[in-house]
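> I'd like to ask you about the structure that follows.
Values quoted throughout were computed directly from the atomic coordinates according to the rules given, and no laboratory measurement underlies them. These figures come from a predicted structure and were not determined experimentally. Note: ideal-geometry Cβ built from the backbone for every residue, glycine included; neighbour counts use all protein chains shown.
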Amino acid sequence: MMRVTLLAAAATALQPGARTKVQQPQRAVISEPVSSSAENCDVVNFEDCKPPFSKVLAANRAEIAVRIMRAGTELNMATVGVYAYEDKNSAHRWAADESYLLPKAATPVGAYLDPKAIVDVAEREGVEAVHPGYGFLSESPELAKLCEERGIAFVGPTVENLLAFSDKTSARAMAIKAGVPVVPGMDAAMSSA
């Protein structure tokens, strides 16, 4: 049994600015043997792995985006990050192979809620897939539709699924119709609280 070691790349001299290219981290490599009594974990040699996409954009920030980028790197995909001006020194910007400044919004978080701006970056930079992570735009039919219209894969549910399940009342009705057990509750939306 062999252990896979992920080697981090040394940081290159990074210049502040809207567009930053970071040195590509080294990929997974086989290292020294470990004893057969070692805990069994997912040991995979990603060197021979064909990535699902050549370049993926993390449409999120902070730890969520860092996790998407780590997974992308482990799968031999180039990673793209987007950031608000206020996040210019955040880890998710520097964890990406490329990072791009989003247009200014009314709030720092608001920059991450503009599907058009995110898909514009993805299209301009040759991204094949947009991964929304969770929260923010992960349940946005608009983001999924924009990706679909521009030939970019959306890593998440289809536009139809997002539309159907974005409303809890219609999602509940669909579950009941499909014979899925649901907790007792109202069959229609409440008109007042």
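> Just need a number here: residues in region 146-193 that are assigned to a loop (DSSP other than H, G, I, E, B) and under 29 Å from residue 122 (Cβ atoms). Give the derivation first.
Just the residues of region 146-193 that are assigned to a loop (DSSP other than H, G, I, E, B), to begin with: 150-152, 155-158, 166-167, 178-193.
With under 29 Å from residue 122 (Cβ atoms) added as a condition, the list becomes 150-152, 155-158, 166-167.
The total comes to 9.
> Considering each residue of region 69-91, count those that are farther than 17 Å from residue 103 by Cα and either under 14 Å from the mean Cα position of the chain (by Cα) or of a type outside the set (S, T, N, Q) (or both), and give that number. First the steps, then the outcome.
Our first condition is that a residue be farther than 17 Å from residue 103 by Cα; within region 69-91, this holds for 69-79, 91.
After this cut, where a residue has to be either under 14 Å from the mean Cα position of the chain (by Cα) or of a type outside the set (S, T, N, Q) (or both) as well, the list is 69-75, 77-79, 91.
Going through region 69-91 one residue at a time, the tally reaches 11.
> Right, here's the next one. Are any residues in region 124-145 surrounded by 17 or more Cβ atoms within 10 Å (Cβ to Cβ), without any contact (Cβ under 8 Å) to a residue 60 or more places away in the chain and assigned to a helix (DSSP H, G or I), and if so, which ones?
Scanning region 124-145 gives 141, 144, 145.
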